[in-house]
Amino acid sequence: MTENLENKIKTNKARIAVIGLGYVGLPLALSFAKKGFKVLGLDNDYDRVKRLNEGTSYILDIPSKELKNMVRCESLKASTDFALIKDMDVIIVCVPTPIKRRYTPDISFMLSAVKSVAQYLKKNTLVVLESTTYPGTTEELIRPILEEKGFKAEKDFFLAFSPERIDPGNKHYDVTRIPKIVGGLSEKSGYLTKMLYQKIIKKVHLVSSAKVAEMTKLLENSFRIVNIGWINEIAMMCHKMRIDIWEVIEAAKTKPFGFMPFYPGLGVGGHCIPEDPLYLYWKAKRYGFNPKFIKLAADTNAHMSLYAVHRLEEMLTAQKKKISSSKILILGVTYKKDVKDLRKSPSLKLIEHLQLKGTRVDYHDPIIPYLKIGHLDLTSVRLNPRTISHYDVIVVAVDHTAVNYQLVLKSAKMIFDTRNVYGKIKSQKVIKL
Ligand SMILES: NC(=O)c1ccc[n+]([C@@H]2O[C@H](COP(=O)([O-])OP(=O)(O)OC[C@H]3O[C@@H](n4cnc5c(N)ncnc54)[C@H](O)[C@@H]3O)[C@@H](O)[C@H]2O)c1
């Protein structure tokens with residue numbers, strides 16, 4: 001029986017379902033389809049399913065042309081019908097794993113997806129969880145659900161965890177160029193999952209268990225949140241000491257070993273860095289362990305948008321202006337450069353803080369034409385000398401490539417540069433984070 005599944009993977013005949021067609025699931029589904037597998041994307045977002053079936057991409061990194069080609073040759077299709085799982089040999093789960101309240105995981109998406117898998121699971125299927133989660137999830141949470149109707153893991157079906165490490169917007173490292181970590185419930189699950197991913201990724205690193213794979217992903221993301229929190233603290237310290245943090249980082253970078261640059265900013269956003277380490281924080285607490293670094297870094301990063309408001313107040317006061325009657329333009333509202341993703345974007349928090357102060361806030365973002373989130377309802381302002389000169393301060397919140405920073409510099413009254421886009425330019429107008 002297992003040989004049959006192994007053979008199907010080996011010969012690219014395995015039918016693969018990817019559940020959750022977002023930033024992680026869509027590129028993955030496309031990669032398997034391009035290797036000749038028949039791939040079914042399952043999502044409960046009807047609009048995404050419709051667009052995929054029309055070959056229209058909704059993720060900037062994925063060209064519609066590639067989707068269209070795969071849809072046309074019937075290698076890739078999408079559906080909202082989970083009953084189709086019964087025809088699948090491999091099921092990969094890529095649904096969101098956000099934080100519910102502060103520091104508490106919201107596993108509802110994962111539970112709902114895995115329950116659908118359990119309902120239609122046939123024998124001799126490989127199930128892989130890619131969603132980032134706390135150590136122990138695959139063994140303690142997913143396995144019992146899949147065994148509910150009497151199937152036994154590692155006998156009737158195979159189960160593994162393989163974290164996604166995709167970096168949206170990174171043109172160099174697409175999903176196929178990033179080494180993949182795989183940890184199975186048993187040796188057999190690990191072996192089958194490694195074989196599967198080797199079809200699309202050159203380097204697959206097998207670890208001894210799903211728990212090790214889960215922890216590896218959280219080590220990586222916690223490393224980022226802690227270092228970003230640390231550099232944000234140093235940036236605030238440097239401002240007090242009148243030292244240019246950006247010049248310090250450039251200098252430290254010349255050390256060929258033992259230093260890796262991280263950059264300060266308005267905080268962290270997206271689905272991963274603000275949330276994933278908190279899964280680890282939550283789980284560690286259940287073991288009676290208090291992970292101090294993660295909490296400190298999360299709090300420091302969360303504070304940065306408020307810190308930016310204080311800095312703006314400081315700048316405006318020096319000009320004898322009040323923040324409550326000032327006009328401020330935010331350049332960039334996504335959580336990251338050149339990525340069309342607003343989730344947990346620190347720019348949005350900054351806009352809200354400023355509005356509470358009574359400031360008139362507008363924004364410009366080349367990839368977000370309008371903002372309709374919560375109580376925010378704004379349209380991206382066009383950048384020209386007249387509009388730029390209209391504002392008391394322009395805040396460079398995100399360093400999108402498509403913005404004409406020279407034009408902004410020429411016409412702005414004052415600029416608060418939180419991304420160092422003006423580098424070594426010496427201008428009285430530019431104040432750096
Ligand atoms: N975005 C990243 O950069 C990134 C990188 C590495 C890992 N991850 C992890 O990958 C996972 C997915 O993240 P994402 O950014 O792709 O999320 P996303 O929000 O872009 O996409 C998730 C998709 O899952 C769908 N979905 C939700 N519940 C579902 C269900 N029960 N059944 C079917 N579909 C369902 C949603 O409609 C959505 O289309 C998360 O655990 C995240 O932490 C994300």
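The values are calculated or read from the model by the stated rules, or taken from the named source; none is laboratory data. None of the values given here were measured: they were computed from a predicted structure. In this analysis, Cβ positions are derived from the backbone assuming ideal geometry, glycine residues included, and neighbour counts consider all displayed protein chains.
Could you look through segment 163-177, keep only residues that are part of a loop (DSSP other than H, G, I, E, B) and within 11 Å of the ligand (Cβ to nearest atom), and pick out the one that is nearest to residue 135 (Cα to Cα)? Checking each candidate, the answer is 163.
Only one entry in 217, 255, 240 is modelled with pLDDT of 95 or more and surrounded by 14 or more Cβ atoms within 10 Å (Cβ to Cβ), namely 217.
To keep it simple, each residue is scored yes or no on (1) out of contact with any Phe, Trp or Tyr (no Cβ under 7 Å at 6 or more places or on another chain); (2) outside any loop (DSSP other than H, G, I, E, B); (3) more than 25 Å from residue 165 (Cβ to Cβ); (4) of a type in the set (Asp, Glu).
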{"residue": "9", "(1), (2), (3), (4)": "yes, yes, no, no"}
{"residue": "17", "(1), (2), (3), (4)": "yes, yes, no, no"}
{"residue": "33", "(1), (2), (3), (4)": "yes, yes, no, no"}
{"residue": "40", "(1), (2), (3), (4)": "yes, yes, no, no"}
{"residue": "51", "(1), (2), (3), (4)": "no, yes, yes, no"}
{"residue": "62", "(1), (2), (3), (4)": "yes, no, no, no"}
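Only a single item in (1) touching a His at 6+ places or on another chain (Cβ under 8 Å); (2) not in a helix (DSSP H, G or I) is not met by residue 306, and it is number (2).
Would it be correct to say that residue 231 is in a helix (DSSP H, G or I), of a type in the set (A, V, I, L, M, F, W, C) and either in the same structural domain as residue 263 (by TED's automatic domain parsing) or in contact with a strand residue (DSSP E or B) (Cβ under 6 Å, 6 or more places away or on another chain) (or both)? Full working, then the answer.
Working: in a helix (DSSP H, G or I): yes; of a type in the set (A, V, I, L, M, F, W, C): yes; either in the same structural domain as residue 263 (by TED's automatic domain parsing) or in contact with a strand residue (DSSP E or B) (Cβ under 6 Å, 6 or more places away or on another chain) (or both): yes.
Judged against the criteria, residue 231 is a match.
Give the residues of segment 108-150 that are of a type in the set (D, E, K, R), surrounded by 19 or more Cβ atoms within 10 Å (Cβ to Cβ) and within 12 Å of the ligand (Cβ to nearest atom), sorted by residue number.
Filtering segment 108-150 down to residues of a type in the set (D, E, K, R) leaves 115, 122-123, 130, 139-140, 143, 147-149.
Keeping just the survivors that are surrounded by 19 or more Cβ atoms within 10 Å (Cβ to Cβ) gives 130, 143.
Within segment 108-150, 130 is the sole residue that qualifies.
Selection of first residues in segment 95-123 that are over 14 Å from residue 274 (Cα atoms) and of second residues that are of a type in the set (Ser, Thr, Tyr) and more than 8 Å from the ligand (Cβ to nearest atom), restricted to Cβ pairs under 8 Å at least 6 apart or on distinct chains, gives the following pairs, ordered by first then second residue: 107/137; 110/137.
Restricting attention to segment 405-433, which residues are part of a loop (DSSP other than H, G, I, E, B) and under 26 Å from the mean Cα position of the chain (by Cα)? 418, 419, 420, 421, 433, listed by residue number.
Across segment 278-306, the number of residues qualifying as surrounded by 20 or more Cβ atoms within 10 Å (Cβ to Cβ) and aromatic (Phe, Trp, Tyr) comes to 2.
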